[in-house]
C-alpha cells in the first residue's frame, strides 16, 4: 500500500517546508496539496464533528478537506486552502483540526446526528456547555500579532469581461477583441489554459498568443468572486505570497462571458470519506501538472465517460488501474480493456475498505477490489455561481443531468462546459453528465455528503423525517454546504438525497442561494486603501500648520480636525476661558459654513428654510435663526448676513454645512426653480478667525483691518468690509462666547498669516474645549448635542413660530401637531448643582414613585468665570421648573440641583457692548 | 483623550509637495489664479468668459467654474444681467497627476473616471470626496477644496506606494 | 443585451452609482397649512415603497448636484428612465 | 398548559435512546397540513414574529384554531438572515420596556419551548472612540440604569482586557477610549428560534403552511373576511401581519399604505476560527459590529444602504466599507478571509421604532417596522400581536407603538438617540 508519490524527476527548484512539524520538500510550481501528496501525506486534517481523518479530495477551489494554517516569515494565515495555494520555501503548514477528542467523538458519534444540539443542553443552561462546544468547533487559529497588507486594487471599465481562460474563454475573448471590444480575461490559475493544462488538447498556446495579439488583457491568479448589480464584477488578484492580501479590482463590464467550466461530483458509498478517495479529474491534475501519482493501484469509479482518460493516463505511467463503471459495457469500456485495464461494468461501490487510508472497496455484489486510491467521477456540475449571483436561477435538468440557467440575465452569457456544451477538446467526445446515484434502502447511511461539516446521508434522511424538507431547511438544520467550500461538491448531492428521501424530483427541490464570494476573499484586499487616516477622512483647517506650530492638541470634532486646547494639558482650558472673560481670545472658526444664496427669490427661499424671517434683513446686518425639518425638529442654527440686494450669506454650524446645502438645493430645485435662486458654497474660500473678549475692540483697532469700530456705525450683529494684506476682508460682530466679538474672514490663503498676527496683537489662542465652556455659560446650544431628535424651536425658547402660527417655512405645519403642544415636552434649561460641583454630562434627571427619567444633562462644565459647575439639560416641562430642585442620577450616584435659566453668565448681555 | 495630531499627518505644503512614483508624478499648486463660480444664463456666462480668458469647467447646467490666469476682480454676488458670481480663488488646491500610469491612478480614485476619463462635467467623486477634474493630455488636474486637500494627498501617497508584489 | 451598467446622469453622462444619493419619494404638492394632522403625517412619513418599478428622487451629489427623478426597479436596481426634477 | 405537550420531549435521555435506534424515532418538528377553509385567526408571515404570535395566541389566550401562512420557507425572511444579536440597550423608556421584556422572554425560551436556541449572554460592548462618544454612551447607560436595566460603562483598559484583539494603540482610526456594556445581551442561533416556536405552536394544534403566498384580501363591510391563497380563500375572524420587508406590499393588498421604507441590510461571515472573540463588539460612529458564532465564524454587520430595495443582496462597496472598519479596529483580522455575504430586506420606520397595533382595517393587526432590530424582538413582538388579535386591545407595552403616533407626532425616536442598531 504505497499511496501518493512523486514520479516525475526534475522540475522546479526544491522548496523546503514543514507539515505538522515534520520537514519536507516540494518544488517550484507545487501547490501545498501537491507537495504534501509528493511526500506521501494522506491525512491532512480531521473533520469538524466526528474528528474522522480527512485526505485531499480535489485540486481546486472545491476542496473541503485540505484546509491548513500556514506561517511564513512570522505571519500566520489561518484556513489556507492547500489545493489552490502555491507552495513557498519556508512555509510552516499545520493541519487545522488536531487529534484531540477524537476517541470521545468516535464513541459518541451515533448520538451526534445533525441538530442534536437543539435537543439537549437545556439543563442547567447553554452557558455551561457552550465553551466546550466552541473549543471543539472552528478551524484555523488566528495569531493576534499577525498582520496582512494588501494592494490598492483599482477600477476598470471594459466592454467585455470573460471569466475563465480555458479554451472556451480564450475563444470568447478573441471574438470580442476582433469585434472591437475592450476585453479583460480573468483566470484563477497561475497560467491560462483551464483544464486543458491536465486534460490535454493542444491549441491553448496558439489561442493565448492570438488573444494577446488582438489586445486582450489577461489576468492570471485572479478570481471573479462576485457578480453585483449593473454589471459590476468583484475580482480578487492574488499577491505573490500567502502572507499578502493581493488586491480588489472592481470591473464594470458591459458584457460578461462565463467560461467557468464545471466541478466534478464525488460518488456516494459507505466510508467514502476515507483519505485516498479523490476526484478523478484531480488525480489527473496532480499527475500532469505536478508529476505526482496519487496511487500505485488506483480504482477509477465513474458513472460517465470523463474518467476514462484518467484511467488511461494513470495506466500509461505504470499504475495497475481498475475501472468500476456503474453503466452497462460501452465502446469506452471496451477500448480501455483492450489497453490492459481491468474494467468492471454495471458495477456499484458498496463500501470503501481501509483504516486511515483506502485499501480497496467492496462492490454491491460483494466483490472485493484491492487498491490504494479510489478516483471517483460522479458527474459534473456547471459552475453557474456568478450567473446566479447576478440574479439568475440554476435548475437541475433531469434530461441532461446537469444544472442549467432557468432564464437569461441581461449582459451575462455562458461558454463551454458551464453551458453544458460537452463537446470536449478535439478528439475526445465525452458525455460527462450523469445523474447523482443515491444509495437506496438497506445500505448503511454512513455515507458522507459534506466532508468538512460531517453531514451524512443519514443526516439528510433525519432532516426529512423531522420535516426540514425545504432545501434551505436542509442546509441550516444539517449545516450541509455551510463550510469553507460552500458545498461546491456537496450541494447537488444533498438536494438529490433529500429529493429521494421525500419522493420528489431534484428539480422541484431547487438549490440554496448562491452568494458572493465564489471563493473566500482576503479581508485585507477588500479593505484596500481604506486604512488609517485614509479611512473616514476628516476635513482640515486652512491654518492647521499655524495651530500645530503653537503646539495645539488636535481632536476630531464632528468630522473636522480642530484645536482642542493650546497648553501642555487640559489644564490650559481654564486659562483660555478666563482670558476670554478678562482679556481677549481668538479661535479658528474657518469651518463655519459660508453659503451664498443669490437671485430674485433668495430672500423667499431663506424665509422658507429658516423658522424666522430672513428676507427683511438689511444689507450689512446679521440675524440668528434655526432651521427645521418637515417634522418641526431643529436641524441646525446659524446666522445670515445680507451682503446686498438678492445676495445673502448663510453661516451654518461646521458639522451641518453639507446638510444645509443639500436641503437648500432640494427645495430650490423642486419648489422654487433653478433660475430664480442660486446657491454657491463658498466655505472653502474663506478662513475665519473669531476674536472675542473685553479687549477685542482694542486689538481690532491695532490691526487696522477695518476703518471704523464705532459702535453706532458698526453695532453688534452687523458686518463691514475691510482689507487684510491687500485683499478683501469681512468683519462681523457676532459672539458665541457672550463677549464683544469680531469674526474676521479673509481669503483662505491668508489664514496662516492672519492667525499669528492676531496672537501678536495680544489675543490668547482658544481651543474648542474652552469655547464649549464659554458658550455653555451663555446657554448657547450645539444642535445635535443640546437638542435631540424631538427638539422643536419652542423647546429652546423660540416660541414665536409656534405661538404665532407663522406659515410658509419648512416644518411650519408640524409645529401645530398635538405633540408640539404636549406639556411634558423636554425643554432646554440650566442646572446648578447643590454645592457647586459639576454634574457629569449624560447624567439623567429623575422622578421617583416609580423612578423614571424626566430628562438628561446635555452639556456640563466647571465654569472658571463663575467658580461653579454649570450645565444645560433637556427636562420635561423644564421652564416651568425654573427655581425648583431636581434629583440627578449618574451611574448609581444621585444628587440635587436647582433648575435655572439656560444662560448662567451675563444674562442681559451687557458684556457685548463693554 | 490623546492628541490626534500624530495620527492625522500634518498637511503637505501646497506649493512644494510632490510625489514621484512608477509612471506618475503628482504636484500641487494653489493661490495664483482668479477662480470664479458662475451661475446664470449661458449667454451671460459666455460673455464673461470672453472678457476674462481662462479655462471654463462646466459643472452643472446652471454653474461653471472659470479659472483665469490672473487675479481678476469679478464682483461677488447677484448681477442684474442674471448671473451669480462667487470668488473661489482660495477655495481649491490644484493637484496635477501626470504620466503613463496616471489614468490607472485616476481610475482607482474614481470609478467614474474608469468609465470615462474625459467626463462631460467636471465634478466627480474621487477618493470619497467631490472634486473637479480638468483632463490633461497625460493625466488630469484635480481641483480639491482646501479642507479635503490633506486627505487627497495622503490618499495619493498610499495609492502610489504600490508594493510590487501586489497587483 | 448588455448590462444596465453605470447610472446615466442627464447632464454628466455615465457615472459610477456611488456618486448618487436617494432623495426620497417625489412628493406631490406640499399640503396646505390648514391640512389635517393625518394628511400632514401622510406627506411626511407614508411612502409608496413599491416592489418593482418605482418613481424616486435621486441626487447626483458627487457630481452636478442636480435633483433627478428616476424610474427604478427596486428588485433588480435597473433604472429605466432618469430625468431632471423640476419645480 | 406547558408547551409542546403532544410532542416527544427533547432531552439528553431522548437523544441517548434515539442514538441507539439510528435516530429513527424523531417525528416531524411541525406538520405541513393542507389549510382548512376557516380559522379563528390567521397570521400572515411564518418568520420569528409570526410563529411567536401563533405560540402566544395558544399559550396566553387559548386560541389554537390558528393558521400561519408563509410564502416561502419557515424562518426564511429576516429571521434567517440577521446577525443574531439580542439586547435591550435602548434610550427611550417605551423601547426599553418592550425590548427588555423580549430579553427576559429569551432568557427562558429554550426551556419554555423545549428547544435549545443557544442564547449566549456574553455581553454586548459598544465602543467609544472619543470623549463625545463616551458622553453619548453615558446618556444611554444612565437611561437604562434609571429604568432598572443592567448596563455600565467600561474604561479603556477594561475593554482591552475583554477584547484583546482590539488595536490598543492611540494611533488607529478608531482608538478605544471606553465602551458601554449590557452583560445580559448576547447572540442566539436564529434558525432555532423560528423552529422552536414552530414546533411548540404545532404542538398546540396551530397549522403552519409554507409555500403559500397571500395574493389578496377579501374585505367586506370594512373588515377582512378572508385571504386569497394558492389553496383558495381562507376565512377567519381576525388577521395578523408579520411580514417585515413585504409589509408595504401586503398593506397595499389590504388597501392602505404604511410609513415604511424597505432597504437592504447586509451581513457577512468569515471562515470559521477557533474561539477568539467572546463578546458582541459594535462601534457607534463607523456602524460596524462583530461577534463569533459557536461554529467559529466571525459574524459581521454594518449600517444600512439608504436605497429603497427588495433585492436582498448587498453592494460590494458597502461590504468593503464595513470590512475596512472591522480590520482597522481588529488588525489581526487582516489575515482572515470573507466566506459569505448576504442581505435581508428591513422595513425601517421614520423613528426606527416598530409599528404594533390595529391597521386602518379594524380586524387586521400590524407587527412591522422593526427595521434592523427585529430578531431581538421576536418573543415580545409575537406576544404583543397575539394580545392584539385575541383581545382587540393594546397590551401596555405595545400601546406607544401604534400607527396613529405618526399623525399625533408622538414618535419614539431611536434614530437620533445615538444607539447603534442591531
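The values are calculated or read from the model by the stated rules, or taken from the named source; none is laboratory data. All figures in this text were calculated on a predicted structure; none of them were measured in a lab. Virtual Cβ from ideal backbone geometry, glycine too; neighbours counted across all protein chains shown.
Details
- Residue count, the stretch B:91-110 (criterion: at the interface with chain A (Cβ under 9 Å from one of its Cβ atoms) and either outside any loop (DSSP other than H, G, I, E, B) or under 12 Å from the mean Cα position of the chain (by Cα) (or both)): 7
- Among the residues of the stretch D:325-350, those identified as under 26 Å from the mean Cα position of the chain (by Cα), outside any strand (DSSP E or B) and at the interface with chain A (Cβ under 9 Å from one of its Cβ atoms) are D:325, D:326, D:350.
- Single match in D:374, D:381, D:344 (criterion: closer than 27 Å to residue D:184 by Cα, outside the structural domain of residue D:58 (by TED's automatic domain parsing), in contact (Cβ under 8 Å) with a residue 40 or more places away in the chain and in contact with a helix residue (DSSP H, G or I) (Cβ under 6 Å, 6 or more places away or on another chain)): D:344
- Leading residue by the ranking (surrounded by the most Cβ atoms within 10 Å (Cβ to Cβ)) among those in the stretch B:27-51 that are more than 14 Å from every other protein chain (Cβ to nearest Cβ) and more than 17 Å from residue B:134 (Cβ to Cβ): B:48
Yes/no per residue for (1) crowded, with 23+ Cβ neighbours inside 10 Å; (2) away from every other protein chain (no Cβ under 11 Å); (3) at pLDDT 95 or above:
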| residue | (1), (2), (3) |
| --- | --- |
| D:240 | yes, yes, yes |
| D:258 | yes, no, yes |
| D:272 | yes, no, yes |
| D:275 | no, no, yes |
| D:279 | no, yes, yes |
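- Single unsatisfied condition, residue B:65 versus (1) in a strand (DSSP E or B); (2) within 14 Å of chain C (Cβ to nearest Cβ); (3) over 28 Å from residue A:730 (Cβ atoms): (3)
- Answer from B:124, B:83 - the residue that is more than 8 Å from every other protein chain (Cβ to nearest Cβ) and surrounded by 20 or more Cβ atoms within 10 Å (Cβ to Cβ): B:83
- Single match in B:23, B:77, B:82 (criterion: out of contact with any strand residue (DSSP E or B) (no Cβ under 6 Å at 6 or more places or on another chain) and either farther than 30 Å from residue D:171 by Cβ or assigned by TED's automatic domain parsing to the domain that holds residue B:148 (or both)): B:23
- Single residue of D:287, D:296 found to be outside the structural domain of residue D:246 (by TED's automatic domain parsing), within 16 Å of residue D:337 (Cα to Cα) and part of a loop (DSSP other than H, G, I, E, B): D:296
- Residues satisfying the stated conditions in the stretch C:8-30, i.e. more than 7 Å from every other protein chain (Cβ to nearest Cβ) and over 16 Å from the mean Cα position of the chain (by Cα): C:30
- Filtering the stretch A:391-421 to residues that are touching a strand residue (DSSP E or B) at 6+ places or on another chain (Cβ under 9 Å), within 14 Å of chain C (Cβ to nearest Cβ) and either in a strand (DSSP E or B) or closer than 20 Å to residue A:513 by Cβ (or both) leaves A:391, A:392, A:393, A:405, A:409, A:412, A:413, A:414.
- In the set (1) touching a helix residue (DSSP H, G or I) at 6+ places or on another chain (Cβ under 6 Å); (2) surrounded by fewer than 23 Cβ atoms within 10 Å (Cβ to Cβ); (3) within 14 Å of chain B (Cβ to nearest Cβ), the condition left unmet by residue C:37 is number (3).
- Subset tally (residues that are within 30 Å of residue A:479 (Cβ to Cβ) and in contact with a strand residue (DSSP E or B) (Cβ under 7 Å, 6 or more places away or on another chain)) for the stretch A:5-50: 14
This table checks each residue for (1) surrounded by fewer than 19 Cβ atoms within 10 Å (Cβ to Cβ); (2) in contact (Cβ under 8 Å) with a residue 60 or more places away in the chain.
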position: A:761; (1), (2): yes, yes
position: A:765; (1), (2): no, yes
position: A:774; (1), (2): no, yes
position: A:788; (1), (2): no, yes
position: A:791; (1), (2): no, yes
position: A:831; (1), (2): no, yes
position: A:836; (1), (2): yes, no
position: A:844; (1), (2): no, no
position: A:849; (1), (2): yes, no
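- Whichever residue in the stretch A:442-471 is modelled with pLDDT under 95 and away from chain D (no Cβ under 11 Å) and, among such residues, is surrounded by the most Cβ atoms within 10 Å (Cβ to Cβ): A:454
- Residues within the stretch D:18-59 that are modelled with pLDDT of 95 or more and not in a loop (DSSP other than H, G, I, E, B), tallied: 19
- For the stretch A:12-24, the tally of residues that are touching a helix residue (DSSP H, G or I) at 6+ places or on another chain (Cβ under 8 Å) and surrounded by fewer than 21 Cβ atoms within 10 Å (Cβ to Cβ) stands at 2.
- Just one of the listed residues (D:131, D:192, D:185) is facing another protein chain (nearest Cβ under 9 Å), over 30 Å from residue D:360 (Cβ atoms) and under 22 Å from the mean Cα position of the chain (by Cα), and it is D:192.
- Criterion: in a strand (DSSP E or B) and either at positive phi or in contact (Cβ under 8 Å) with a residue 24 or more places away in the chain (or both) - qualifying residue of A:109, A:146, A:114, A:157: A:157
- Taking the listed residues A:67, A:41, the one that is buried (at least 18 other Cβ atoms within 10 Å of the Cβ), out of contact with any helix residue (DSSP H, G or I) (no Cβ under 8 Å at 6 or more places or on another chain) and over 27 Å from residue A:480 (Cβ atoms) is A:41, with no other qualifying.
- The residues listed here are A:767, A:830, A:779, A:772; of these, the one that is in contact with a helix residue (DSSP H, G or I) (Cβ under 7 Å, 6 or more places away or on another chain) and either closer than 21 Å to residue A:741 by Cβ or modelled with pLDDT of 95 or more (or both) is A:767.
- Leading residue by the ranking (nearest to the other protein chains (Cβ to nearest Cβ)) among those in the stretch C:68-84 that are surrounded by fewer than 18 Cβ atoms within 10 Å (Cβ to Cβ) and part of a loop (DSSP other than H, G, I, E, B): C:75
- Only one of the listed residues (C:57, C:43) is at pLDDT below 95, within 8 Å of chain A (Cβ to nearest Cβ) and either assigned to a strand (DSSP E or B) or over 30 Å from residue B:59 (Cα atoms) (or both). That residue is C:43.
- Set C:65, C:5: member being at the interface with chain A (Cβ under 8 Å from one of its Cβ atoms), modelled with pLDDT of 95 or more, under 26 Å from residue D:315 (Cα atoms) and assigned to a loop (DSSP other than H, G, I, E, B): C:65
Okay, residues lined up against (1) within 27 Å of residue A:691 (Cβ to Cβ); (2) without any contact (Cβ under 8 Å) to a residue 24 or more places away in the chain; (3) surrounded by 24 or more Cβ atoms within 10 Å (Cβ to Cβ):
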{"position": "A:580", "(1), (2), (3)": "yes, no, yes"}
{"position": "A:583", "(1), (2), (3)": "yes, no, no"}
{"position": "A:590", "(1), (2), (3)": "yes, no, yes"}
{"position": "A:595", "(1), (2), (3)": "yes, no, no"}
{"position": "A:601", "(1), (2), (3)": "no, no, no"}
{"position": "A:604", "(1), (2), (3)": "no, no, no"}
{"position": "A:608", "(1), (2), (3)": "no, no, no"}
{"position": "A:617", "(1), (2), (3)": "yes, no, no"}
{"position": "A:620", "(1), (2), (3)": "yes, no, no"}
